[in-house]
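A short worksheet on the structure shown next.
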Amino acid sequence: MQQVAIAPQVNNAHIEVCDLTAAYGDYIVQQYLNFSIQRGDIFIIMGGSGCGKSTILRHLIGLQEPAKGEVFINQVNFSHAPHNQQEQIKRSFGVLFQSGALFSAMTVAENIALPLSEYSILSKSDIRDVVDYKLALVGLAGCADLYPAEISGGMRKRAALARAMALDPEILFFDEPSAGLDPVSSRRLDELILELNASLGTTIVVVTHELASIFAIGNNSIFLDAEAKTMIASGNPRQLKNECPDERVRAFLNRGEL
Amino acid sequence: METTTAVNTSAWSYELLPQEPDTLQMRLAGDWRLQSGIPHVETLVSQIDSSPKLQSLNFDSQQLNSWDTALVVFLRNFIHNIQARGIHADLSGLPAGVQRLLNLAETAPSRGRDDEMFEKDSLLNHVGETTLEFWYGAPKALNFIGDCGIALFNTLRGRVRFRRVDLGLLLQGAGPQALPIVSLISFLVGLILAYMGAAQLAMFGAQIYIADLVGIGMVREIGALMTGVIIAGRTGAAYAAEIGTMQVNEEIDALKTFGISPIDFLVVPRLLALVLMIPLLTLYADLVGILAGLAVAVTIFDISAFEYYVQTLRTMEMSHVLVGLSKAVVYGICIAIASCLRGIQCGRSSAAVGQATTSAVVTSIVFIVITASIMTIIYQKLGI
Ligand SMILES: Nc1ncnc2c1ncn2[C@@H]1O[C@H](COP(=O)(O)OP(=O)(O)O)[C@@H](O)[C@H]1O
Ligand SMILES: [Mg+2]
């Protein structure tokens with residue numbers, strides 16, 4: 001395993017992954033994973049399709065339990081925390097799922113209002129204002145009362161982003177944010193991610209294999225490989241592009257220029 | 001090898017020609033198109049097996065007119081076979097496009113799971129997996145039932161975590177909208193019950209007891225049972241499909257990341273809807289069934305409507321109604337839990353949604369029949 005050095009600033013890492021093994025039953029997807037994500041980072045989890053990126057993301061947000069190893073959030077052992085504490089920690093997360101995962105039985109506005117009405121003491125009209133503001137942020141001001149089935153794929157992604165941001169999470173997770181988007185929408189989403197990161201200091205974890213996004217937004221990354229079943233590189237993607245000793249990683253990051 | 005083989009159809013044809021003692025040439029000709037089929041390689045391979053000295057094979061495609069996947073698949077199969085026998089295949093005589101496609105299929109990495117050692121469909125494997133599934137599934141189901149109990153208890157204590165709008169829609173879907181089908185089925189069942197019973201009772205001149213038979217039969221057993229089965233097929237299936245689709249669409253995961261338990265948010269309102277609506281539908285079904293009995297009595301067995309009414313009132317007791325209603329409540333719980341459990345356990349594909357729906361209906365009906373028998377026996381023993 002080749003590793004480009006990551007500065008082990010273990011002490012104030014926002015997310016810390018220790019010797020993680022991710023498996024479905026006996027089938028190991030990834031193992032020996034060690035990495036940490038600093039507060040305010042835009043962290044990319046990259047790799048070919050089927051290498052286990054989504055699976056690792058599901059471990060980070062507590063939807064799957066590690067077969068082995070731990071995930072620490074804010075130095076708290078998230079993977080083995082009691083249920084209450086896990087729920088507490090989860091409230092600092094916002095997640096944008098690969099398919100958007102909007103609740104199809106609710107309008108866009110109701111989708112965004114749901115987390116707000118669950119966890120806050122806001123009045124109905126306050127919630128409506130917050131929803132309007134979040135929708136305006138993602139450029140969907142006129143779509144509040146449409147159902148997810150009535151808007152396009154790109155708009156669904158943005159609505160889902162508005163929902164993920166509803167409670168101003170400390171960490172935002174994205175699974176393939178640009179999948180199924182045209183290049184322009186995908187650029188806009190990247191800009192939005194950068195903006196959120198700069199203005200709110202949100203830690204951002206992105207699963208993607210889009211080179212344009214990787215270089216545009218990432219300042220740290222790991223590279224997962226399906227054959228090796230583990231990470232074969234980590235570090236700033238722009239540096240990895242030229243300096244990574246591993247042939248596979250350089251090939252992946254330079255594939256547009258063949 | 002002296003013989004040459006030539007195979008001809010109107011479309012494709014090939015020929016094996018010996019060139020040197022250890023070399024063979026394959027001549028391809030005609031149109032190799034999928035619509036005219038792909039030749040089998042077995043006969044070719046057995047011919048090659050009969051000439052053990054063969055070292056290499058080359059191709060001649062000058063007569064070849066046109067080709068598509070048919071030719072590539074045929075060649076790929078053939079080449080794999082001869083390479084497995086240590087014979088060298090020289091592709092240079094093939095059209096450049098065919099060569100490139102063949103190489104592409106060789107070099108593209110194909111990844112399969114290496115842990116599937118057993119034949120997927122062997123009987124033994126199937127039995128084993130089903131047993132394991134049941135073994136590991138049972139505790140999960142019990143867990144789920146426990147969680148539902150806790151969530152329901154919390155809801156009744158006033159910690160409502162679902163949207164009231166949802167409950168309203170669910171009540172409407174499970175109740176009023178089921179009235180037509182419940183009317184139809186319970187009327188027919190009442191009719192059959194009255195007719196079959198009366199035919200026997202008439203032998204003793206005791207036709208008037210149709211009222212007892214239909215009244216007690218509907219109210220204690222059949223009203224609730226029929227309503228339960230109808231709702232299992234109608235509403236239970238809908239719940240499983242709906243929740244299963246939410247699972248496919250990652251909506252359940254999204255709920256979990258908001259810290260909202262899918263049980264609080266999705267299962268409890270459905271449980272409440274069925275527990276409230278099935279007893280009401282059962283009362284309605286009882287009434288329709290009794291009316292059907294009345295219709296039979298009046299039109300076929302010459303009993304007056306008033307007589308029938310009085311006889312029904314005389315035999316009917318509150319305890320009969322309560323027994324029927326208690327069963328209805330239990331069926332409601334069974335259907336809600338079975339369908340929501342199957343929905344939540346659904347995999348991430350459209351086929352899985354279909355399986356979840358089927359399995360929800362089957363499980364609900366099995367539970368209904370089992371609890372029906374158990375409760376009937378218990379009530380008999382208690383003398384209620
Ligand atoms: N629910 C599941 N059960 C079993 N295996 C799964 C499941 N989901 C994904 N996998 C397997 O795990 C591997 C990684 O999947 P995934 O994390 O979705 O990859 P990626 O997101 O990198 O494309 C794949 O080989 C896939 O077949
Ligand atoms: Mg994925």
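The values are calculated or read from the model by the stated rules, or taken from the named source; none is laboratory data. Values in this document were obtained by computation on a predicted structure and should not be read as measured data. Cβ placement follows ideal geometry from the backbone for every residue including glycine, while neighbour counts extend to all protein chains displayed. Surface accessibility is based on the protein's heavy atoms, side chains included, excluding ligands, DNA and RNA. Shrake-Rupley method; radii C 1.70, N 1.55, O 1.52, S 1.80 Å.
A few comments on the model shown:
- Dividing the mean sequence gap of close Cα pairs (under 8 Å, 6+ apart) by how many residues chain B holds gives a relative contact order of 16 percent.
- Using R0 = 22 Å, the C-beta based FRET efficiency linking B:Ser56 and B:Ala84 works out to 0.90.
- Farthest positive-ward along region A:165-252 dipole, Cα basis, beta-carbon charges - from A:Pro177, A:Thr208, A:Asn242: A:Asn242
- These residues, B:Arg314, B:Arg163, A:Arg39, go from largest to smallest accessible area, 1.4 Å probe, as B:Arg314, A:Arg39, B:Arg163.
- Only Lys, Arg, Asp and Glu carry charge here, each on its Cβ (+1 for the first two, -1 for the last two); on that basis region B:5-108 has a dipole of about 140 debye about its Cα centre.
- Per-residue SASA remark: B:Met196, around 120 Å² accessible (1.4 Å probe; ligands, DNA and RNA not included).
- Charge sum, other residues only, whose C-beta stays under 13 Å from A:Ser152's C-beta, Lys/Arg counted +1 and Asp/Glu -1: +1
- Computed over region B:323-373, the ratio Rg/Rh where both radii use C-alpha atoms and Rh is Kirkwood: 1.09
- What you get for the protein assembly as shown, charging only the Cβ of Lys and Arg (+1) and of Asp and Glu (-1), is a dipole of about 1540 debye around the Cα centre.
- In the complete set of protein chains, residue-level accessible area for B:Trp67 is approximately 80 Å², probe 1.4 angstrom.
- When A:Asp246, B:Asp121 are compared by accessible surface with a 1.4 Å probe, the order from highest to lowest is B:Asp121, A:Asp246.
- Estimated FRET transfer efficiency when R0 is 41 angstrom, pair B:Asp22-B:Asp121 (beta carbons, to 0.05): 0.45
- Evaluated with a Cβ-only charge set (Lys, Arg +1; Asp, Glu -1), region A:97-169 carries a dipole of roughly 220 debye about its Cα centre, given to the nearest 20.
- Residues in region B:244-268 occluded by at least 30 Å² - accessible area, probe radius 1.4 Å, against chain by itself: B:Asn249, B:Glu250, B:Glu251, B:Asp253, B:Ala254, B:Lys256, B:Thr257, B:Phe258, B:Gly259, B:Ile260, B:Phe265
- Across all Cα pairs in the protein assembly as shown, the calculated P(r) in 20 Å bins from zero up to the longest distance comes to 15, 33, 29, 18, 5, 0 percent per bin.
- For chain B, the residue among B:Ala285, B:Ile231, B:Gly86 whose Cα projects farthest onto the positive side of the dipole built from Cβ charges is B:Ala285.
- Coarse-grained scattering of region B:148-258 at q = 0.12, 0.16, 0.23 Å⁻¹, given as base-10 log I(q)/I(0) from a Debye sum over alpha-carbon atoms: -0.65, -0.89, -1.26
- Local net charge near A:Gln75, Cβ-Cβ under 15 Å (Lys/Arg +1, Asp/Glu -1): -2
- Stokes-Einstein diffusion coefficient of region A:97-169, Kirkwood radius over Cα pairs, 37 °C, 0.692 mPa s, in µm²/s: 277
- Using the rule -39500 (n - 2.57) for each DSSP H run of four or more residues, divided by the residues of the protein assembly as shown, the 222 nm mean residue ellipticity is -17000 deg cm²/dmol.
- FRET E, pair B:Gln355, A:Ser104, Förster distance 22 Å, beta-carbon r, rounded to 0.05: 0.60
- Our Cα-only numbers for region B:5-108 put the radius of gyration and Dmax at 12.9, 36 Å.
- The spacing between region B:178-228 and region A:161-182, judged by their C-alpha centroids, is 59 Å.
- As computed over region B:160-382, the Cα convex hull volume per residue (Å³): 130
- Of all accessible heavy-atom area on the protein assembly as shown, the percent that carbon and sulfur account for (1.4 Å): 59
- When accessible surface is computed with a 1.4 Å probe, chains B and A are found to bury approximately 2100 Å² between them, both chains counted.
- Chain B - convex hull of the alpha-carbon atoms, volume per residue in Å³: 270
- To the nearest 10, the accessible area of B:Val329 is 50 Å² with a 1.4 Å probe.
- Under 10 Å, Cβ to Cβ, from B:Leu17 - net charge with Lys/Arg +1 and Asp/Glu -1: -1
- Projecting label points 7 angstrom from Cα along Cα→Cβ for B:Leu287 and B:Gln172 puts them 2.2 nm apart.
- Segment B:Ser36-B:Glu317, length gained on full extension (0.36 nm per residue, minus Cα span): 93.5 nm
- The gain in end-to-end length when the A:Gln75 to A:Ser49 segment is fully stretched comes to 6.3 nm, 0.36 nm per residue minus the alpha carbon separation.
- Surface analysis of the protein assembly as shown yields an accessible area of 49 Å² per residue, using protein heavy atoms and a 1.4 Å probe.
- For B:Leu156 and B:Thr43, the difference between the fully extended length at 0.36 nm per residue and the C-alpha to C-alpha distance is 33.2 nm.
- Largest to smallest accessible area among B:Glu42, A:Glu87 [probe 1.4 Å]: B:Glu42, A:Glu87
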